[in-house]
Amino acid sequence: MGEPRMTLATRAVLSAFLAAPADEHYGLQIAEAAELPGGTIYPILIRLEQCGWLESRWEDIDPQEEGRPQRRYYRLSERGAQAATTAMAKVSSRKRRTLLSARPQGGTA
């Protein structure tokens with residue numbers, strides 16, 4: 001699969017990962033860091049994993065013993081860290097060009 005759609009929500013999720021690119025995060029941590037509801041981030045995480053930008057694993061715990069369900073941990077793959085950095089820079093550059101072209105030209109105030 002190619003590059004994911006770079007929606008605002010996808011950019012928020014990627015920003016959360018890029019803040020600590022080598023770290024693993026579980027869904028609730030990502031949702032809080034991205035300031036998005038949990039139901040919004042899971043489809044994004046699936047798409048990013050299908051693109052090869054994320055890797056995931058289930059934690060190795062006994063849910064009965066811990067008193068909570070297992071968590072699925074996600075982290076940027078090596079390819080994903082590079083691709084996410086590039087994609088975010090492209091979006092930022094595009095936004096900057098759009099803002100500059102929207103400014104009124106010439107004239108005095």
Residues of the range 14-44 being open to solvent by less than 70 Å² (accessible area, probe 1.4 Å), assigned to a loop (DSSP other than H, G, I, E, B) and small (Gly, Ala, Ser), in sequence order, are Ala20
Per the filter on the range 50-68, residues under 24 Å from Ala89 (Cα atoms) and more than 11 Å from the chain's Cα centre (by Cα) are Gln50, Cys51, Gly52, Glu55
Of (1) among the acidic types (Asp, Glu); (2) touching a residue at least 24 places away in the same chain (Cβ under 8 Å); (3) farther than 19 Å from Ala84 by Cβ, Asp23 fails just (3)
- Task: Could you tell me whether any residue of the range 62-81 is in a helix (DSSP H, G or I) and closer than 12 Å to Val13 by Cα?
- Result: no
Per the list (1) in a strand (DSSP E or B); (2) under 20 Å from Met6 (Cα atoms); (3) polar (S, T, N, Q), residue check on Ser56 breaks on (2)
Residue hits (the range 2-23; in contact with a strand residue (DSSP E or B) (Cβ under 8 Å, 6 or more places away or on another chain) and either at pLDDT 95 or above or among the aromatic types (Phe, Trp, Tyr) (or both)) are Ala16, Phe17, Leu18, Asp23
Checking Arg5, Arg11, Arg47 in turn, the sole residue that is farther than 18 Å from Arg72 by Cβ and surrounded by 11 or more Cβ atoms within 10 Å (Cβ to Cβ) turns out to be Arg11
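The values are calculated or read from the model by the stated rules, or taken from the named source; none is laboratory data. What you are looking at is a predicted structure, and each value in this text was computed from that prediction instead of being measured. Cβ coordinates were reconstructed from backbone atoms using ideal geometry, including for glycine residues, and neighbour counts include every protein chain displayed. All accessible areas refer to the heavy atoms of the entire protein, side chains included, with ligands and DNA or RNA removed. Shrake-Rupley method; radii C 1.70, N 1.55, O 1.52, S 1.80 Å.
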